[in-house]
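Comments concern the structure below.
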Amino acid sequence: MSVPENALAPGPAPERESGPRGVPRQDPRLHGIVTLAIVVIAFVTVRPLDFTGRGLAVAVLLVISTIALTARHLPEPWLPPRAAPSGRPSVSWPPPL
């Protein structure tokens, strides 16, 4: 099988069709299952977990990261207005003088 000569020619990439590109369908159940698997694996494998000293610090950081990871799955109406994603920022920056 031969390759056309113009396929190997240097230059700009060939034009593609205009318009929105297709995005694969994202299944929320699959996202939930993957998140749950990540959390379980983290609690099983991360050491030291304890209630004193360094183990307590590790446990607190693990709980915080678990909350942040699972909060991504909350519906927007459940979020406070400052945390909900929107087209415009809820707080103006820089603050007026």
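The values are calculated or read from the model by the stated rules, or taken from the named source; none is laboratory data. Because the structure is a prediction, the values reported are computed rather than measured. In case anyone asks, the SASA skips ligands and DNA or RNA and just uses the protein heavy atoms, side chains included. Shrake-Rupley method; radii C 1.70, N 1.55, O 1.52, S 1.80 Å.
Calculate, in whole percent, how much of the Cα-Cα pair population of the range 39-83 lies beyond 16 Å. Please report the intermediate quantities before stating the final value.
Numbers: 472 of 990 pairs.
When all Cα pairs of the range 39-83 are counted, 48 percent exceed 16 Å.
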key: Accessible surface of Ile38 - all protein chains present, 1.4 Å probe, nearest 10 Å²   = 90
ask   = For the range 27-39, in order, what is each residue's ³J(HN,Hα) by Karplus, 6.51 cos²θ - 1.76 cosθ + 1.60 with θ = phi - 60°, in whole Hz (x at glycine and Pro)?
value = 8, x, 5, 5, 4, x, 5, 5, 4, 4, 4, 4, 5
